[in-house]
Amino acid sequence: MHEDFFRYQAQTTPHPLAMEVSHAKGSYVYDKQGNSHLDFVAGVSVCSLGHCHPKVVKAIVEQTRKYMHVMVYGEFIQQPAVEFSKYLASLLPAKLETTYLVNSGTEAIEGAIKLARRFTGRSKLIAARNAYHGNTLGSLSLMSFEERKAPFRPLIPDISFLEFNSEDDLYKISMDTAAVILETIQGGAGFIMPKEGYLKKVKDRCSEVGALLILDEIQPGFGRTGSLFAFEHYQCIPDILVMGKGMASGLPVGGFTASYEIMNSLSDTPRLGHITTFGGNPVIAAAAMATLRELTNSNLIPETLEKEKHFRSRLKHPYIKEIRGKGLMLSLIMKNKDIANKLILSCAKKNLILFWLLFESKGVRITPPLTINTVEIDRGCDIIMQTLNELQQ
Ligand SMILES: Cc1ncc(COP(=O)(O)O)c(C=O)c1O
């Protein structure tokens, strides 16, 4: 299997972790050698309810028995997608009412870009430096790192950048801006939080000039930061909210939500302005509904803030310079890149799953399932602290 993985499955890096997975349950992933690995990453902020949560599995199995795919997105009325979209609307501010379901985060970003251009009749987009919005050509165009974009040019035109958290840059948002797109909390850049009042000022400037504000909540959304969506912490309601990752507890999904008026501009002139075969898939929508119900009917979301406190109290070491983030979207900022690498790789050998951040080489990701318990947090923190002490010797 190991050789076949490298030969027949396209690779993304020369050195993947290459654990051979047997099965996964709760906060643990089990390998083919019979080892259990405590998961502090949750498939990169995906498995919000842990691995194979019984309620999610039940919803998937029940829906699979009824029907799996009957039509492309948007033609037939399929209860799981309608129910999920309606329930989501009931939990969001009134203007965020109508949801377009797609298959991944980056596809949701593509949809949001098209929606903003279509609704405003403008083409210019403004993104933040060091942001990550996905890897398809449109999303990649929103990334500021030239070395990552150069081999894939030409990308989409009419994109400029502002500095995240810089009020001095707000003047760049003007009457010809279609949309400003920001991650509510910058993920790949190192879990950078918005400064108090910043997002609201961006929104106000957008409103002044008739531009839309798109917030990418693909990572912080669905409870990870102690509220259903992170924008709720910042008194700023986006015009378009983009989601994915943790939304269906492990099945591939994305979505973007806007007002009924904005969203429905995609359905006409041209007709079929945005289409997808698998978006809104009933099995995935059923998993998303089970996830959202469990998140909202339990204390899991507020508990993320207690769990954050616990992590912060346990992870104190001279090699940890800072812990960034909120709730269970945390990153350890290590003394240097070498220590970050060694920590991740040594912990992997001790059966604790940690992972890198995309652009912050000193960062170590801690984004466990929201269902993780105190005993598991302690067990993982013991491994981290022991490893750091060994590295210090
Ligand atoms: C903030 C953010 N936006 C967009 C994406 C892209 O999502 P996907 O990998 O599902 O296409 C990610 C994925 O890491 C992300 O973290």
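Here is a check on your reading of the model: is Ala81 away from the ligand (no atom under 16 Å from the Cβ) and of a type in the set (Gly, Ala, Ser)? Against the criterion (away from the ligand (no atom under 16 Å from the Cβ) and of a type in the set (Gly, Ala, Ser)), Ala81 qualifies. Take the conditions over 19 Å from Gly244 (Cα atoms), open to solvent by less than 50 Å² (accessible area, probe 1.4 Å) and of a type in the set (S, T, N, Q) and apply them to Ser123. Does it pass? Criteria met by Ser123.
Being closer than 23 Å to Leu352 by Cβ, within 16 Å of the ligand (Cβ to nearest atom), open to solvent by less than 50 Å² (accessible area, probe 1.4 Å) and under 23 Å from the mean Cα position of the chain (by Cα) is a property that Ser48 has. Here Gly111 does not fit the description of being open to solvent by 10 Å² or more (accessible area, probe 1.4 Å) and of a type outside the set (D, E, K, R). Per this entry, Ile218 is counted among residues that are assigned to a loop (DSSP other than H, G, I, E, B) and at pLDDT 95 or above.
Meeting the requirement of 3 or more residues that are open to solvent by less than 20 Å² (accessible area, probe 1.4 Å), the strands (runs of 3 or more DSSP E) wholly within the stretch 305-393 are 329-334, 363-366. Across the stretch 220-245, the qualifying residues are those that are away from the ligand (no atom under 16 Å from the Cβ) and at positive phi, and the one among them that is nearest to the chain's Cα centre (by Cα) is Gly226. Condition check for Gln11 on (1) within 16 Å of the ligand (Cβ to nearest atom); (2) touching a helix residue (DSSP H, G or I) at 6+ places or on another chain (Cβ under 9 Å); (3) free of Cβ contacts under 8 Å to residues at least 40 places away in the same chain: one failure, at (1). Of the helices (runs of 4 or more DSSP H) contained entirely in the stretch 51-144, those carrying at least 3 residues that are among the aliphatic types (A, V, I, L, M) and either without any contact (Cβ under 8 Å) to a residue 60 or more places away in the chain or closer than 30 Å to Ser166 by Cα (or both) fall at 105-120. In the condition set (1) away from the ligand (no atom under 13 Å from the Cβ); (2) out of contact with any helix residue (DSSP H, G or I) (no Cβ under 9 Å at 6 or more places or on another chain); (3) in contact (Cβ under 8 Å) with a residue 12 or more places away in the chain, Leu162 is compliant with all but (2). Screening Gly190 with (1) assigned to a helix (DSSP H, G or I); (2) within 15 Å of the ligand (Cβ to nearest atom) gives one miss only, at (1).
Here is a yes/no grid of residues against (1) in a loop (DSSP other than H, G, I, E, B); (2) at positive phi; (3) in contact with a strand residue (DSSP E or B) (Cβ under 8 Å, 6 or more places away or on another chain):
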position	(1), (2), (3)
Leu251	yes, no, no
Ser265	no, no, no
Arg271	yes, no, no
His274	yes, no, yes
Gly280	yes, yes, yes
Ala285	no, no, yes
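The residues of the stretch 203-219 that are without any contact (Cβ under 8 Å) to a residue 60 or more places away in the chain and either more than 21 Å from the chain's Cα centre (by Cα) or open to solvent by 10 Å² or more (accessible area, probe 1.4 Å) (or both), listed by number, are Lys203, Asp204, Arg205, Cys206, Ser207, Glu208, Val209. Here Leu140 meets each of (1) away from the ligand (no atom under 13 Å from the Cβ); (2) surrounded by fewer than 22 Cβ atoms within 10 Å (Cβ to Cβ) with one exception, condition (1).
Of all the criteria given as (1) open to solvent by 30 Å² or more (accessible area, probe 1.4 Å); (2) touching a residue at least 12 places away in the same chain (Cβ under 8 Å), the one not satisfied by Pro154 is (2).
Considering every residue within the stretch 90-97, establish whether at least one is more than 16 Å from the ligand (Cβ to nearest atom), under 14 Å from Ile262 (Cβ atoms), under 18 Å from the mean Cα position of the chain (by Cα) and of a type outside the set (Val, Ile, Thr). Taking every residue of the stretch 90-97 in turn, at least one turns out to be more than 16 Å from the ligand (Cβ to nearest atom), under 14 Å from Ile262 (Cβ atoms), under 18 Å from the mean Cα position of the chain (by Cα) and of a type outside the set (Val, Ile, Thr). When Ser36 is evaluated against the numbered criteria (1) within 24 Å of Leu332 (Cβ to Cβ); (2) surrounded by fewer than 19 Cβ atoms within 10 Å (Cβ to Cβ); (3) within 16 Å of the ligand (Cβ to nearest atom), which criterion, by number, is the only one it fails? Answer for Ser36: the failing condition is (3). Which residue, of Thr291, Thr367, Thr296, is at pLDDT 95 or above and under 20 Å from Tyr132 (Cα atoms)? Just a single option satisfies the conditions, and that option is Thr367.
Looking at Gln63, is it modelled with pLDDT of 95 or more, in contact with a Gly (Cβ under 9 Å, 6 or more places away or on another chain) and farther than 22 Å from Pro368 by Cα? Here the answer is no, as Gln63 does not meet what is asked.
Of all residues in the stretch 193-202, none satisfies being out of contact with any strand residue (DSSP E or B) (no Cβ under 9 Å at 6 or more places or on another chain), within 16 Å of the ligand (Cβ to nearest atom), at pLDDT 95 or above and open to solvent by less than 10 Å² (accessible area, probe 1.4 Å).
The values are calculated or read from the model by the stated rules, or taken from the named source; none is laboratory data. Note that the structure is predicted; figures quoted are calculated from it, not measured. Neighbour counts are summed over all protein chains in view; Cβ atoms, including those assigned to glycine, are modelled from backbone coordinates with ideal geometry. What goes into the accessible areas is simple: the full protein's heavy atoms, side chains included, and nothing from ligands, DNA or RNA. Shrake-Rupley method; radii C 1.70, N 1.55, O 1.52, S 1.80 Å.
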